[in-house]
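A short worksheet on the structure shown next.
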Amino acid sequence: MDQRQAADAIKNIETTQQRTQTLRHYRDYGSVIMAWGVAWLVGFMTQQFAPDAAWLAWGAAWIGALGWTLTRPAGKSDQKALATWIICNACITLLLVLIEADFRTIAAVFAIGLTAAYAVMGVWAGRRFLALAALVLVSLLIGWWVVPDALFFALALGGGAGLVLGGLWLRQP
């Protein structure tokens, strides 16, 4: 084996390691994304069709998804990511309460936050997360401008069902 062949072999090994790491991230996060997709689906469908029960539905959905997230095997970086996510959500929630935002604005802000989070994950952990970010953003934009009376339904389908299907997609090699 000459020097060029050795360099090519090392490059192939590095490429394979990077691809393996990306697929591992997809597999590890797939079920968590599916759990949060179910939470969005339940919460936004209830918000659209039974708004009086929305707080109860959202509370149960968040508890379920958070419980699922916390029971997944996690490394130190995952714990820090979850803590960061909780802090960001708490700050956003406090801001929305202080400005007395309506439900449409609340939904839009959280959809934009989720879009940003998945886009950042796409930069660091793999392009499939960018596709999830685009899906959530498109569902928000369609719901906000095209069918404003069905914003929550659009977010349930694009953000909820889309994340469930996206989580399944992430788990595939």
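The values are calculated or read from the model by the stated rules, or taken from the named source; none is laboratory data. A quick note: this is a predicted structure, and the numbers were derived from the prediction, not measured. Because the Cβ atoms are built from the backbone with ideal geometry, glycine has one as well, and the counts that use them run over all protein chains shown.
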Residue match in the range 29-41 (condition: of a type outside the set (Gly, Ala, Ser), part of a helix (DSSP H, G or I) and modelled with pLDDT under 85): yes
Residue list for the range 81-134, filter: surrounded by fewer than 16 Cβ atoms within 10 Å (Cβ to Cβ), of a type in the set (D, E, K, R) and in a helix (DSSP H, G or I): 104, 127
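Please go through the range 76-106 and give me each residue that is aromatic (Phe, Trp, Tyr) and closer than 19 Å to residue 29 by Cβ, ordered by number.
85
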Residue within the range 137-158 that is more than 20 Å from residue 39 (Cα to Cα), assigned to a helix (DSSP H, G or I), at pLDDT below 90 and not hydrophobic (A, V, I, L, M, F, W, C) present: no
Some residue of the range 50-68 being crowded, with 19+ Cβ neighbours inside 10 Å, within 14 Å of the chain's Cα centre (by Cα) and modelled with pLDDT of 85 or more: yes
Pair list, Cβ under 7 Å, 6 or more apart: the range 133-150 residue free of Cβ contacts under 8 Å to residues at least 40 places away in the same chain and under 15 Å from residue 47 (Cα atoms), other residue of a type in the set (Ser, Thr, Tyr) and buried (at least 16 other Cβ atoms within 10 Å of the Cβ): none
Subset of the range 135-153 (residues that are among the small types (Gly, Ala, Ser) and either surrounded by fewer than 19 Cβ atoms within 10 Å (Cβ to Cβ) or at positive phi (or both)): 150
